[in-house]
Each structure stands twice: as structure tokens, then as C-alpha cells.
1. Lys150: which lysines have alpha carbons under 23 Å from its alpha carbon, excluding same-chain residues fewer than 8 sequence positions away?
2. Starting from the Cα gyration tensor of the range 113-247, multiply each eigenvalue by 5, take the square root, and state the resulting semi-axes largest first in whole Å.
3. Through the Karplus equation 6.51 cos²θ - 1.76 cosθ + 1.60, θ set to phi - 60°, convert the phi angles of the range 131-138 into ³J(HN,Hα) values in whole Hz; use x for Gly and Pro.
4. One quarter of the convex hull surface, Cα atoms only: what value does that give for the range 169-219 in nm²?
5. Please identify the trypsin sites (Lys or Arg not before Pro) of the range 175-216 that satisfy two criteria: DSSP loop assignment and at most 10 other Cβ atoms within 10 Å. Which are they?
6. Any idea what Rg and Dmax come out to for the range 43-168 if you just take the C-alpha atoms, in Å?
Amino acid sequence: MNRPRAYVVLCTLMLSCCLMLAQQNSPNTQGITPPPSSPTPTPARMTFFVTSVGLGKGGDLGGLAGADAHCQALAAAVGASGHTWHAYLSTQARPGRPAVNARDRIGTGPWFNWSFAQLGAPQNAIISADLAELHGDTLVQAQRGSNLFKQSARNEHGQVIHGIGDTPPIQHEILTGSKWDGRAYIDKADHTCNNWTSSSTGSAQVGHSDRIGNGSSWNSSNGTKGCSQADLESSGGAGLFYCFAID
């Protein structure tokens, strides 16, 4: 082998080694705790998930604070505690307390689901670039729609929520208490199980994570029969809700 060819081969081998080292030491962006042999993890890139379990008390989530804490705990369990997590829930106005809009609680985006790095970079990795796209604020955005649908609305473990056509139990009804634009209701009806403190009286507005049935809206499809755990489960829910990283 002459010197020029040997030099080219040597450079190629060195470049390959560098690429392999870079891949081995790339930051963890999976949204899950890496195995013991992996490099020191960095804050997870997952910034959206559907809760894998509810709190088991129907619409009583302990208010917004209790719901946020549930998001934070589920995220921490899969190595995504580097973010501050908020539940996508609205509350209605009460004497001395103004309404809270779900869209005002979740930051500005963009938001990525579990599969962003875990499954490569598929088309469904990004949920939405910003609030306007997420809610279809303009006519063009509404026609285009967000990227939140059955295959992208995964829980913190990367599992797709059971929806229409899947093996029971169906759990696609996701608590939101919100209108299509992500804002709270202003009428006198109870759309939030008494602002997420009741498992008896009231009702909850829900969206469908698979965007099938009753308007096919991810955040505002229909109201539940009631606020008990049994009421939520009877119509295809489980007391699940959306969690977004606000930072």
C-alpha cells in the first residue's frame, strides 16, 4: 500500500472511531432513565405525555396542585424530572377566584412525546410547535391541525392510550375541563368536577386522545356522566389527563 492510500485509510478509521464515540456519549433525550452502562443522563427531551394512571378518585384530583404533582411524580419515575410539569386542565370561576385556562398553564412549546429519541425521529415525535398550532388559533392552523392524535398521544412509558377499536378497557377520554380553544367554560354548568375536587357531583369535559367520536377533538369532545371513578370508566375514560413541560 502506498503512502497516500495508507493515509486515506488511516483518516477514515479515525473518523469512524470518533463517530462511534460521539454516538456512545450522546445525551439522553429519551424521556426515560438510561441503563446503568449509559453515559450520565441529561434532562429528558420528552415534554408531553398522557398520564398512564389516574389518581383513582374520579374527578377529584386534589385540584390543580394535586394534578400537577401527579404529572411531576410520573415524570420523575421515568427520568424526566428535569422539567416542571403541569396538567392540561382548566378551572371555572368561583366567588373570589377567577377561571384558569388550561392553555395558559403549559408554557409555550414546542412539545415532544416519548418517541422523539426513543424511537428515532418519526413524524409523530413533535406534538406541537406552539400554543397557536396546538389549538388551531388561525383558520390555517385549524385546517392543518396539531400532531396530537392516537399514535403520538403516548403515556410516560411510551405506550399508546387504548382507544376506539382497541382491546378494552377503552381509556381515550382525557380530562381537560376545557373548550376547543383551551379556555375555561364561562357558563354556570360544572365542567370540571368542582374544579377537580369532586368525585360525586358535577361532570367533566373530556377530549379524546385518539380523536375518534364526538367531534374528534383531543381536548373537548364531550362531558362525562358524572365525576366518580365508575362514571369516568363507564364512558371510556380512566381519569387520565395530559401533562406538559412548561420549561
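1. Of all the lysines, those that pass the test against Lys150 - Cα under 23 Å, at least 8 places apart if same chain - are Lys179.
2. Result for the range 113-247: semi-axes of 25, 19, 13 Å.
3. Those phi angles translate into 4, 5, 5, 4, 9, x, 5, 9 Hz.
4. 4.0 nm²
5. Those satisfying the criteria are Lys188.
6. Over the range 43-168's Cα set, Rg and Dmax evaluate to 15.3, 49 Å.
A short reminder: the numbers here are calculations on the coordinates, not readings from a lab. Keep in mind it's a predicted model, so treat the numbers as computed, not measured. As a convention, Cβ positions derive from the backbone with ideal geometry for all residues, glycine included, and neighbour counts pool all protein chains shown.
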